[in-house]
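For reference, the structure discussed in these notes is given below.
Values quoted throughout were computed directly from the atomic coordinates according to the rules given, and no laboratory measurement underlies them. Note that the structure is predicted; figures quoted are calculated from it, not measured. All Cβ positions, even for glycine, are placed from backbone atoms using ideal geometry, and neighbour counts span all protein chains on display.
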Amino acid sequence: MIVVIVFIIMGIGYFLMLINIMRTGEGVWGKPSIHPLLFYSGKISQFICWGFLLVKSLNPSFLGMEFPLWLRWPGTVILCIGTVVLLLSFYDLGTSLKYGIPESSTQLKTKGLYRYTRHPLYLGVYLLSISSIIYFPNFLNILMGLCTMSTHYMMILAEEKFLAERFTKEWNDYKRRVPRFLFFH
């Protein structure tokens, strides 16, 4: 039941962010940061992976496999942490939140969670995918999670290149101070 509540909270947070963005007259779509086939397949695999987690929490015998409770609890804890990270990232990005690279002018985000990691939104995506894999360690779900994480890593590299071009000095200073993911530069 916790998983369902967390997904509802995540959905509400995302919906409120969309309303905020739409009020500015901007959309949520940017330019894919990597080849469109990879970009969209990464997004689709993300939602499949997270969907497996939600379905498995609603129906523990989904696909005829029940996994022990000791796997579900760590998966649930990581889901909660990942959701908080994701929602705070949405808030920190504000109307700059886009699927892909924004085509309008933006500013470099360095406040909130962006003080600790250059990519908190992707950290949230990774945590939710890892949560799903732990909660439901099915071959297809593991494959979807790995596809999600690998394509999103390619997106990170492409977005860093974009940020370096758009905010050269400011980006280089920020990059020197803040790790890509909490502990890894």
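A few points about this structure:
- Summed residue charge, Cβ within 15 Å of LEU88's Cβ, Lys/Arg positive, Asp/Glu negative: +3
- Inter-probe distance in nm under a simple model that places probes 7 Å from Cα toward Cβ, at LYS31 and LYS169: 2.5 nm
- Cα-based Rg of the chain normalised by 2.2 N^0.38 Å, two decimals: 1.05
- Between GLU160 and ARG176, the simple label model (points 7 Å from Cα in the Cβ direction) yields a spacing of 1.7 nm.
- Computed FRET value (nearest 0.05) for ILE142 with ILE5, which takes r as the C-beta separation and R₀ as 25 Å: 0.50
- Kyte-Doolittle at least -0.5, axis length at least 24 Å by Cα - qualifying DSSP helices, the chain: 2-23, 36-58, 69-93, 139-166
- Highest-first arrangement of 17-24, 98-105, where packing means the average Cβ count within 10 Å: 98-105, 17-24
- Equivalent-ellipsoid semi-axes of the stretch 1-80, from the Cα gyration tensor, Å, largest first: 30, 18, 10
- Take each peptide in 58-68, 84-94, count the other Cβ atoms within 10 Å of every residue, and average; sorted highest first, the result is 84-94, 58-68.
- Long-range HN-HN contacts of TYR99 with modeled amide H, under 5 Å: TRP29, GLY30
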